[in-house]
Amino acid sequence: MAVVHLNPQAAAKAPAHHGPHIWAVASGKGGVGKSFISSSLGLALSRQDKRVVLVDLDLGGANLHTCLGMANPKLTLSDFISSKKRHINEFIEPMHEAKLGLISGAGDGLEIANLKHFQKQKIIRNLSLIHADYVILDLGAGTSFNTLDFFIQAERGIISVVPDPTSIENTYRFLKCALTRRLRESPKQTRKLMAHVLSVRQDEDRKIRTLASFMKAMQQLHPEHGRLLQGELERQKLHLIVNQVLEPADAELGSSMAMACGKYFGQKLDYLGHLNHDRQIIAALRQHRPFLNAFPQSRAAIHLEHMAAALLDQDNRG
C-alpha cells in the first residue's frame, strides 16, 4: 500500500533529518477541553501553511476525530501497532484541510488502554518519522506511565487546566510527575547520585520537600550532575492554557500557577492565555464541524489562533 500523504507534492520529500516538531497536549484530569485545544491548535497551524498531523493518544478514550468533525476513521492506532511492515504515514487520515491529518485511536479495543512496553516504544520511535512539520499528541488525562512517557517526548508540553480546585491540584501533580519522570532519562551515575542526595538529606533531617530544593541540593553537592539534570528538564518547554473561564478573576489563575511552578519545581511555565466558557463549542460538535471552522470570529477561536501563532514564533526564534 502506498504511503498516505497530506499533500502529494509537498510530502514527496521527507522532513528534515531532525523530524517534525512534536507538541503534546495533556491535563491532570479529564473534562478540561484537552482534545478541543489539540484539534484547534492543529487546525490553526495548518492555516499557517504548516503540515500538521494530530495523533490521538488518549488511549481507551479517543475522541479527537469528533472534535475535527470526522466520522469513524478507517484506520486507527491499533492497526499501526499490530502491523509489522507498514509505515506510520500509511495510517494518517487526510482531513478536508489540505495540510491537516489525523492518526486516530477511535474504535480501538480496551486492550490499547494498557499498552505493553514494546508497543509504547514502537509509537515513540515512529513519531519522528511522520511526514509533517508539526505533530500534536492528544494525550489521556492523568499521570499513567504511558501518558507521562509520551508527554516527555515532546519539545513543548501544553497543559490545559480549568478554574476548579480539583483540576488545579491534579495539574500540579501532573507537572511534578512529568518532571520527575523526565529525570529518569539521566545517565546511571547521575541517578545514583540523586538517590544519595535524597538519603543524605533525610539522615540530616533536612528532608527535601520540593523539586526545586532537590535541584538546588544536587547543584551544591554535585555541580556537574546538577547542571546535567537542569539541562534535561529544560529540554522541554512547558505551557499552560486556562480553559472554561467564567469570571474575570479566573483568568489570573495562569499567572499564579506559573509563579508556583517556578517556586516549587524550579521550572518555567509559560502562560499562553485563557479561553472563556463558550457554548458554541458544543454547537460545533453537534454540527460535526471543527470549532475554528464553525465559529471563526468567536473570541475563543481568535485566542486559539493567537496561541498557535505565539508558539510558532517561539519555534522560529529558536
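The values are calculated or read from the model by the stated rules, or taken from the named source; none is laboratory data. Quick caveat: nothing in here was measured; it's all calculated off a predicted structure. FYI the Cβ positions are ideal-geometry reconstructions off the backbone, even for glycines, and counts take in every protein chain you see.
For the criterion of being within 16 Å of Val161 (Cβ to Cβ), assigned to a helix (DSSP H, G or I) and touching a His at 6+ places or on another chain (Cβ under 8 Å), Ala260 fails. Please tell me if Arg317 is in the same structural domain as Lys216 (by TED's automatic domain parsing) and surrounded by fewer than 21 Cβ atoms within 10 Å (Cβ to Cβ). No. Of everything in region 76-103 that is in contact with a helix residue (DSSP H, G or I) (Cβ under 6 Å, 6 or more places away or on another chain) and part of a loop (DSSP other than H, G, I, E, B), the residue that is modelled with the lowest pLDDT is Glu97.
Restricting attention to region 14-65, the residues that are polar (S, T, N, Q) and more than 19 Å from Ala310 (Cβ to Cβ) add up to 3.
Rundown of residues vs (1) modelled with pLDDT of 95 or more; (2) surrounded by 24 or more Cβ atoms within 10 Å (Cβ to Cβ), yes/no style:
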residue: Ile22; (1), (2): yes, no
residue: Val55; (1), (2): yes, yes
residue: Thr66; (1), (2): no, no
residue: Gly105; (1), (2): no, yes
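Hey, any hits in region 265-273 for a residue that's at pLDDT below 95, among the acidic types (Asp, Glu) and closer than 30 Å to Asn63 by Cβ? Among the residues of region 265-273, not one is at pLDDT below 95, among the acidic types (Asp, Glu) and closer than 30 Å to Asn63 by Cβ, which makes the answer no. Ala217 versus (1) in contact with a Lys or Arg (Cβ under 9 Å, 6 or more places away or on another chain); (2) outside any helix (DSSP H, G or I): which is the lone unmet condition? Against the list (1) in contact with a Lys or Arg (Cβ under 9 Å, 6 or more places away or on another chain); (2) outside any helix (DSSP H, G or I), Ala217 comes up short only on (2). Among the residues making up region 249-299, those that are surrounded by fewer than 18 Cβ atoms within 10 Å (Cβ to Cβ), hydrophobic (A, V, I, L, M, F, W, C) and touching a helix residue (DSSP H, G or I) at 6+ places or on another chain (Cβ under 8 Å) are Ala260, Ala283, Leu285.
Does Ile136 satisfy the condition of being in contact (Cβ under 8 Å) with a residue 40 or more places away in the chain and either more than 15 Å from the chain's Cα centre (by Cα) or under 17 Å from Gly33 (Cβ atoms) (or both)? Working first, answer last.
On the way: in contact (Cβ under 8 Å) with a residue 40 or more places away in the chain: yes; either more than 15 Å from the chain's Cα centre (by Cα) or under 17 Å from Gly33 (Cβ atoms) (or both): yes.
Spelling it out, Ile136 is indeed in contact (Cβ under 8 Å) with a residue 40 or more places away in the chain and either more than 15 Å from the chain's Cα centre (by Cα) or under 17 Å from Gly33 (Cβ atoms) (or both).
Is it fair to say Asp278 is farther than 28 Å from Thr180 by Cβ and either within 24 Å of the chain's Cα centre (by Cα) or of a type in the set (Asp, Glu) (or both)? Write out each step before concluding.
On the way: farther than 28 Å from Thr180 by Cβ: yes; either within 24 Å of the chain's Cα centre (by Cα) or of a type in the set (Asp, Glu) (or both): yes.
Yes: the conditions hold for Asp278.
Scanning region 121-151 for residues that are at pLDDT 95 or above and either in the same structural domain as Leu269 (by TED's automatic domain parsing) or aromatic (Phe, Trp, Tyr) (or both) turns up Tyr134, Phe150, Phe151. Here Asp250 fulfils each of the conditions (1) modelled with pLDDT of 95 or more; (2) not assigned by TED's automatic domain parsing to the domain that holds Gly69 apart from (1). Criterion applied to Ala62, Ala26 was being at pLDDT below 90, crowded, with 21+ Cβ neighbours inside 10 Å and within 17 Å of the chain's Cα centre (by Cα), and the one residue passing it is Ala62.
I need a count of the residues in region 129-175 that are farther than 29 Å from Ser46 by Cβ and aromatic (Phe, Trp, Tyr). Residues in region 129-175 being farther than 29 Å from Ser46 by Cβ and aromatic (Phe, Trp, Tyr): 2 in total.
When we screen Glu169, Glu155, Glu185, Glu234 for residues that are surrounded by fewer than 16 Cβ atoms within 10 Å (Cβ to Cβ) and modelled with pLDDT under 90, the only hit is Glu185. Mind listing whichever residues of region 123-177 are of a type in the set (Lys, Arg) and closer than 16 Å to Leu54 by Cβ? Arg156, the sole residue that qualifies. Of the residues that sit in region 25-75 and are of a type in the set (A, V, I, L, M, F, W, C) and assigned to a loop (DSSP other than H, G, I, E, B), which one is nearest to Leu238 (Cα to Cα)? Result: Val32.
Screening Ile112 against (1) assigned to a helix (DSSP H, G or I); (2) at pLDDT 95 or above; (3) hydrophobic (A, V, I, L, M, F, W, C); (4) within 25 Å of Gly33 (Cβ to Cβ) leaves a single unmet condition, (2). Just one of (1) of a type outside the set (A, V, I, L, M, F, W, C); (2) out of contact with any Gly (no Cβ under 8 Å at 6 or more places or on another chain); (3) farther than 21 Å from Leu228 by Cβ; (4) not in a strand (DSSP E or B) fails for Ser186. It is (3).
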